[in-house]
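Scroll down for the structure; my scribbles are underneath it.
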Amino acid sequence: MKRLFILSFASLLLASCGDGTEKKAAGRLQSARLAFESGNYNRAKVEIDSIKILYPKAFNARKEGLRLMLQVEMKEQQTTLAYLDSLLANRQAAFEAVRGKFVLEKDTAYQETGHYFHPTQVIEKNLHRSYLRFRVNERGAMSMTSIYCGPSNIHHRAVKVTAPDGSFTETPASGDSYETTDLGGKIEKADYPLGQDGNVMGFIYLNHDKNLRVEYLGDRKYTTSLPVCDRQALKETYELSQILSAIEQIKKEKEEALLKTGFITRRIEDNRKKDPSE
């Protein structure tokens with residue numbers, strides 16, 4: 001009889017503890033709902049996670065918490081997409097405002113991505129001239145080409161740019177260069193993508209209002225000045241690159257947000273199939 005009393009008391013105690021646990025977990029769940037409705041998604045997720053940590057046996061609350069977590073995650077992605085759409089529209093408007101200043105060179109027969117050039121730097125206007133040429137492709141990737149024209153080769157593979165105060169920067173040796181001959185003159189070209197240019201393009205951008213000196217580094221040195229037209233071309237092309245790069249990054253983030261939205265939607269549908277009463 002005494003044993004039966006002890007077992008009955010233990011059962012009642014467990015039931016009481018269980019009821020208390022569910023009640024406390026339900027309170028956390030309610031706090032999570034209120035945070036969600038007020039747009040405080042981080043707080044809502046913290047409250048939902050706390051149910052799993054503090055009340056692991058509150059199965060009903062945990063189940064409802066998982067459903068609410070999907071709603072929170074979906075709302076977060078929808079908010080992110082709305083923000084990215086606004087940001088993308090802003091950057092595209094900035095691009096439309098300046099694209100008319102550039103010449104797009106693209107042969108659709110074999111090129112998927114064209115390149116924008118400043119009009120002062122198109123080839124036909126710069127024949128037989130030694131200069132730094134800048135371009136940016138439609139996805140925002142910028143590069144510089146050092147072009148040397150002269151009576152004899154200097155076999156250059158790098159360039160150094162110096163400001164009036166003596167500060168300078170130079171490219172590493174180019175991994176993409178070639179030499180040719182045209183009407184007896186020697187032509188050399190070396191390419192340097194942004195990020196692999198020793199920050200030469202960034203240096204020119206910061207000093208575009210100064211008289212800059214350019215040294216071609218090879219078997220022999222060749223020195224020339226960087227005229228105003230080329231400095232302005234760099235400045236405007238560099239800024240175009242920043243706009244186009246931002247557009248590409250925003251598009252990438254949108255794709256990721258859409259993938260997450262699709263994943264969450266499938267999880268919600270799976271839950272509905274498992275529990276049609278939802």
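All of the numbers you see were taken from the coordinates with simple rules; none came from a lab. Computed from a predicted model, the values in this text were never measured in an experiment. Glycine also receives a Cβ, built like all others from the backbone with ideal geometry; neighbour counts cover every protein chain displayed.
Below is a table of values for the structure above.
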item: Cα gyration tensor shape for the chain, rounded if a/c is under 1.5, else prolate or oblate; result: prolate
item: Farthest positive-ward along the chain dipole, Cα basis, beta-carbon charges - from 136, 111, 31; result: 31
item: Cα gyration tensor category, rounded, prolate or oblate, for region 102-246 with a/c compared to 1.5; result: oblate
item: Listed pairs 63/251; 57/254; 160/235; 189/210; 23/45 exceeding 27 Å between Cα atoms; result: 63/251; 57/254
item: Rounded if a/c under 1.5, otherwise prolate or oblate - region 51-138, Cα gyration tensor axes; result: prolate
item: Between region 85-149 and region 200-233, the Cα center-to-center distance that results, in Å; result: 19 Å
item: Degrees, to the nearest 10: 228-274 long Cα axis against longest axis of the chain; result: 20 degrees
item: Among 157, 99, 133: highest mean-square fluctuation, GNM of the chain, C-alpha pairs under 10 Å; result: 99
item: Likely footprinting exposure, 118, 128, 155, 208, fewest C-beta neighbours within 10 Å first; result: 128, 155, 208, 118
